[in-house]
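Quick notes on the structure that follows.
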Amino acid sequence: MDSEKSMKVLSVASECVPFVKTGGLADVVGALPGALAPLGVEVRVLMPGYPAMKAAISEDAKTQELGRLPGGRARLISGPANGTDVMVLDSPRLFDRPGNPYLGPDGKDWPDNHLRYGAFCRLAAQIATEGLDGWQPDVVHLHDWQAGLTAAYLKLGRQPAPPSLITIHNIAFQGLFPPEAATPLGLPKAEFHPEGFEYFGQLGFLKAGLVYADRISTVSPTYARELMSAEFGMGLEGVIAARRAEVHGILNGIDLEVWNPESDPQIAMGFSAKTPARKAKNRVALAQRFKLYAGGAGPLFCVVSRLTRQKGLDLLLEALPRLLARGASLAVLGSGDADLETGFQAAASDNPGRVGVVIGYDEPLSHLMQAGADSILVPSRFEPCGLTQLYGLRYGTLPLVARTGGLADTVIDANEAALQAGVATGFQFSPIAAAPLADAIDRACDAFADKKLWAAMVRRAMRHPVGWETSAAAYAKTYAELIETAA
Ligand code: ADP
Ligand code: GLC
């Protein structure tokens, strides 16, 4: 390795924008290659061959037959897709399935997910150790449980193997399977113990990543600390705490081109910190879209989220009477748990003109919501980083967030000291419960009533740095350290 200037990284992930996305993981995997390129880091992304992925890869991509992998015959397709260098595991028996990458038509995990992602990890380790057409990575960057087993194959397989970093995007998803699942994956029985890939009697893909990878990172400094506690670590707190010196918290950034309020083609009218009146046009368009009465005295709040327990939206349903009492309104875009979907739908039909709900996944609408709302609500019970509050900052839609994980690290609460110092960019609440959330909504409504104060906060939020610059440099530094230690 000559210097930091020419590092080759194999990024192993199960989602990547603009091809396949169920959450923020896809945004981050998709943004990192572009963010790292100016630092001399060449990233190639290895993805499973979902139909959408195969459709996206260019016609002149290279194809080669692969040796035996779990799940049968497979090929590797490599080439550019939408400006990113990708490699795709084409194994029709495993991945030729439309829709959500992890779930079958019954809404349950595919029963062969261990084979699907096990084969994927085997291939990742193979490319890393043997190289591909003269290209061999200096570092392997693994994302979440779907890539976790790669670290085990690298450590327990043929040497020398390049060093690996695993990033935890969400510890709630661990990839747990019965112990027998280890056999077709060729994992040595001798490593099935708590210091190996066993997680309380099961095979744990993420556990394997945390044990065998050379470094661990997660997507915010606060979540890195939280993960070492029983409250947040979901049974892996001990493993992470034992490696504390090798654990990094590196904040996610956002793609400043895709999320640019001045040039966003998906909003009603472009705006900047200097043209707040143009933001108001988006507010009108948003109110129309959700059939809300836009003339009320209070702020227009929005939510763009998976509707799951993690996101704390049941607390918002509880706090809703206070929001409505203050003359505020609410627009919700999301899908997920049935009780939350019906809860918000009932709130909308009980409060016409005040609460509007769209159940579903709608990328263009998510842009209009960030552009048109006054404030975005993110009351998560835990949040490794969170991206929607970052979009909110960039679009002058002040985030109101639970004080946890990346939310705590990216939003500056409008408490008295912060207001005096002129640094506040949003609102935080803690402990994470309905009453403190309602109090924070009250504070936001008070701030909104003070037009001068609100406008100053909007301008400040829009200037807050939310790009990749600092974090891309932190990843590049981590890669360089790994390479140096391995040399
Ligand atoms: P998580 O990954 O836990 O879902 P993040 O905040 O990191 O949370 O990322 C969520 C991403 O998914 C953001 O890009 C957000 O805009 C997007 N998103 C979530 N729900 C929807 C939806 N219903 N429609 C459009 N985009 C959505
Ligand atoms: C996860 C987390 C979210 C984070 C995203 C990208 O899905 O829930 O907080 O922003 O990954 O790292």
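Things to note:
- Gly79 being on the phi > 0 side of the Ramachandran plot, touching a Ser or Thr at 6+ places or on another chain (Cβ under 7 Å) and either surrounded by 14 or more Cβ atoms within 10 Å (Cβ to Cβ) or modelled with pLDDT under 95 (or both): yes
Every residue, every condition in (1) more than 16 Å from ligand 1 (Cβ to nearest atom); (2) in contact with a Phe, Trp or Tyr (Cβ under 8 Å, 6 or more places away or on another chain); (3) under 24 Å from Trp454 (Cβ atoms), yes or no:
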position	(1), (2), (3)
Ala280	yes, no, yes
Arg289	no, no, yes
Ala294	yes, no, yes
Phe301	no, no, yes
Thr308	no, no, no
Gly312	no, no, no
Leu316	no, no, yes
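- Residue identified as within 28 Å of Phe232 (Cα to Cα), among the β-branched types (Val, Ile, Thr), away from ligand 1 (no atom under 16 Å from the Cβ) and modelled with pLDDT of 95 or more among Ile412, Ile376: Ile412
- Long-range neighbours under 7 Å by Cβ, at least six apart or interchain, first residue in contact (Cβ under 8 Å) with a residue 60 or more places away in the chain within region 415-430, second among the β-branched types (Val, Ile, Thr) and surrounded by 23 or more Cβ atoms within 10 Å (Cβ to Cβ): none
- Residue in region 445-458 that is crowded, with 20+ Cβ neighbours inside 10 Å, within 27 Å of the chain's Cα centre (by Cα) and more than 25 Å from Asp255 (Cβ to Cβ) present: no
- Failed item in (1) away from ligand 2 (no atom under 16 Å from the Cβ); (2) surrounded by fewer than 17 Cβ atoms within 10 Å (Cβ to Cβ); (3) closer than 25 Å to Arg403 by Cβ, with Gly327 passing the rest: (3)
- Top-ranked residue in region 382-407 [being near ligand 1 (Cβ under 10 Å from one of its atoms) and of a type in the set (S, T, N, Q); ranked as surrounded by the fewest Cβ atoms within 10 Å (Cβ to Cβ)]: Thr388
- Considering region 154-273, the qualifying helices (runs of 4 or more DSSP H), each wholly inside and each with 2 or more residues that are within 16 Å of ligand 1 (Cβ to nearest atom) and either of a type outside the set (A, V, I, L, M) or touching a residue at least 60 places away in the same chain (Cβ under 8 Å) (or both), run over 221-226.
- There is at least one residue in region 298-316 that is in contact (Cβ under 8 Å) with a residue 60 or more places away in the chain, in a loop (DSSP other than H, G, I, E, B) and within 16 Å of ligand 2 (Cβ to nearest atom).
- Test for Glu231: is it assigned by TED's automatic domain parsing to the domain that holds Thr478, within 21 Å of the chain's Cα centre (by Cα), modelled with pLDDT of 95 or more and surrounded by fewer than 19 Cβ atoms within 10 Å (Cβ to Cβ): yes
- Scanning region 376-403 for residues that are polar (S, T, N, Q), within 13 Å of ligand 2 (Cβ to nearest atom) and assigned to a loop (DSSP other than H, G, I, E, B) yields a total of 1.
- Top-ranked residue of region 56-79 - restricted to ones that are touching a Lys or Arg at 6+ places or on another chain (Cβ under 9 Å) and of a type in the set (A, V, I, L, M), ranked as farthest from Arg44 (Cα to Cα): Leu69
The values are calculated or read from the model by the stated rules, or taken from the named source; none is laboratory data. Bear in mind that the values here come from a model prediction, so they are computed numbers and not experimental data. All Cβ positions, even for glycine, are placed from backbone atoms using ideal geometry, and neighbour counts span all protein chains on display.
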